[in-house]
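Engineer: First, the structure itself, so that you have it in front of you.
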Amino acid sequence: MTELEKRRLVKDILAKDELYMLLSFRAANYLKGESFPFVGQWDAKSKFLVVFTSYEQAKKYIDDSIYEKPSGMYMLARLEKDADKNLITILTEAIAVGIQHLEVDPSEEKALGCTIEWFFEAADIRIPAQETGGSQAEKRLSLLPIWQFQNPYLVSPERAQIIINQVFQSGGTVEEFKTRFLTSQTLAENCFVADCLNSKLIPQARNNNRMDDIEYFRRVNVVLEHVVWSRLDEEAELYVYLDPATDKLFVNRDAMYVLYTDLYKHQSRFKYRRVEGKQEIIDLMQQNQVQKIIVTDGLTNMIVLGGTAPIQE
């Protein structure tokens, strides 16, 4: 590509209504659905950002590479030309934090790799003056929303109201309660309800000296324990925590952790190890003299199994 062709390409890039920037999967906040731009590094002094001119090209690049897709999400931000956070504002921030290069549509025939300074010059844009004062550590790239973000393990306030109300639906046998929790809720929602029972409803009933309510909530929790244990084999992936210092199973007060997602692994201080179903969980419990398991997504909700609901095959 000639110099003139490169300059024309820069103008074409900036004329697009929307561009897509590669985001970091390690620095992401999967509760809020946002992350910082991914910063690649060729060597100690050469850092770069990655931008795509279409969503399809961005997805193809991620699919063809080893770049992680947490829970199937493409780690991309959509940069709209007229938005407050557009390509120019992000590149201006990048210069301030010492990022020198930009890669546009890598692996494509018309890929462009250049310094950010040259990109600005080719676009006839003056590099904005940098603010004086403040340490380098205080300067950073902006958090950007993950485009088409979906976290299947989060429970919305509206959905929370619906599934908590199911706790108060009177009538029915224990088996009917089990069927209700199995067919109308996901595993994540089961854990959400159990967490609400133990952290909110039971303590509130205790504070109000409502012993009948406490007993009722505990019976519901037992049903949830059986439901959660029965459906672990339905999960495509299960994980346990390993102690990062020893690489051994992490045990906390006779309990081990079983996770039904690794979405939050980069926000955890533990290592994750995949396990194959309930039988391996039972084997680990026996090998490590564990009495209980804590089923959780690793960040928000959990349920403790092994007390009133025997863990067995």
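Engineer: I'd like the orientation of helix 3-15 relative to the chain: the angle between its Cα long axis and the longest Cα principal axis, in ° from 0 to 90, rounded to 10.
Structural biologist: Around 50 degrees separate the two axes.
Engineer: Can you compute the FRET efficiency between LEU31 and GLU235 using 1/(1 + (r/R0)^6), with r the Cβ-Cβ distance and R0 = 30 Å? Round to the nearest 0.05.
Structural biologist: 0.90
Engineer: Tell me the relative contact order for segment 173-313 as a rounded percent, counting alpha carbon contacts under 8 Å between residues six or more apart.
Structural biologist: For segment 173-313, the relative contact order is 25 percent.
Engineer: Okay, next question. On a 0 to 90 degree scale, rounded to 10, what angle separates helix 55-64 from the longest Cα axis of the chain?
Structural biologist: In the chain, helix 55-64 runs at an angle near 70 degrees to the longest axis.
Engineer: Another question about this same structure. What does the charge add up to near LYS248, with Lys and Arg as +1, Asp and Glu as -1, over the other residues with Cβ less than 14 Å from its Cβ?
Structural biologist: Summing Lys and Arg as +1 and Asp and Glu as -1 gives 0.
Engineer: Could you work out the local net charge near SER107, counting Lys and Arg as +1, Asp and Glu as -1, over the other residues with Cβ closer than 14 Å to its Cβ?
Structural biologist: Surrounding charge for SER107 is -4.
Engineer: A follow-up question, please. Do the sum for the chain: with -39,500 (n - 2.57) for every DSSP H run of n ≥ 4, divided by all residues, what is the mean residue ellipticity at 222 nm, to the nearest 500 deg cm²/dmol?
Structural biologist: Mean residue ellipticity at 222 nm (helix-derived): -10500 deg cm²/dmol.
Engineer: Among DSSP beta bridges whose residues both lie in the chain, state the antiparallel percentage, nearest 5.
Structural biologist: So the antiparallel bridges amount to about 80 percent of the total.
Engineer: Here's something else I'd like to know. Could you sort PHE168, PHE120, PHE38, PHE250 by their accessible area in this structure, using a 1.4 Å probe and putting the largest first?
Structural biologist: If we order PHE168, PHE120, PHE38, PHE250 from most to least accessible, we get PHE168, PHE38, PHE250, PHE120.
Engineer: Shifting gears a bit: Under 28 Å from the Cα of LYS85, which lysines turn up, not counting those fewer than eight places away in the same chain?
Structural biologist: Of all the lysines, those that pass the test against LYS85 - Cα under 28 Å, at least 8 places apart if same chain - are LYS6, LYS11, LYS16, LYS32, LYS45, LYS47, LYS59, LYS60, LYS69, LYS110, LYS139.
Engineer: Quick check: net charge around ALA160, other residues with Cβ under 13 Å of its Cβ, Lys/Arg +1 and Asp/Glu -1?
Structural biologist: Charge balance in the 13 Å sphere: -1.
Engineer: Percent relative contact order of segment 79-131, based on C-alpha pairs within less than 8 angstrom and at least six residues apart?
Structural biologist: Value for segment 79-131: 23 percent.
Engineer: Roughly how many Å is it from the Cα centre of segment 45-95 to that of segment 173-202, as a whole number?
Structural biologist: What the calculation gives is 39 Å, centre to centre.
Engineer: Can you compute the modelled spin-label distance between LYS45 and ILE127, with each label point 7 Å from Cα toward Cβ, in nm?
Structural biologist: Each label point lies 7 Å from its Cα, and together they span 1.5 nm.
Engineer: Modelled label-to-label distance, LYS81 and ARG253, 7 Å Cα→beta-carbon offset: nm?
Structural biologist: 5.9 nm
Engineer: Separate question: Sequence gap at least 6, Cα distance under 8 Å: using those rules, report the relative contact order of the chain to the nearest whole percent.
Structural biologist: 14 percent
Engineer: Follow-up. Could you tell me how far the Cα centroid of segment 217-261 sits from the Cα centroid of segment 267-282, in Å?
Structural biologist: 8 Å
Engineer: Using θ = phi - 60° and the Karplus curve 6.51 cos²θ - 1.76 cosθ + 1.60, what whole-Hz ³J(HN,Hα) does each residue of segment 239-246 get, with Gly and Pro shown as x?
Structural biologist: Whole-Hz 3J(HN,Hα) from phi for segment 239-246: 9, 10, 7, 10, 5, x, 7, 10.
Engineer: In degrees from 0 to 90, rounded to the nearest 10, what is the angle of the helix 211-231 Cα long axis to the longest principal axis of the chain?
Structural biologist: Long axis of 211-231 versus the principal axis of the chain: about 60 degrees.
The values are calculated or read from the model by the stated rules, or taken from the named source; none is laboratory data. Bear in mind the structure is a predicted one, so any value in this text is a computation, not a measurement. All Cβ positions, glycine included, derive from the backbone under ideal geometry; neighbour counts span all protein chains shown. The accessibility values were calculated without ligands, DNA or RNA, using every heavy atom of the protein model including side chains. Shrake-Rupley method; radii C 1.70, N 1.55, O 1.52, S 1.80 Å.
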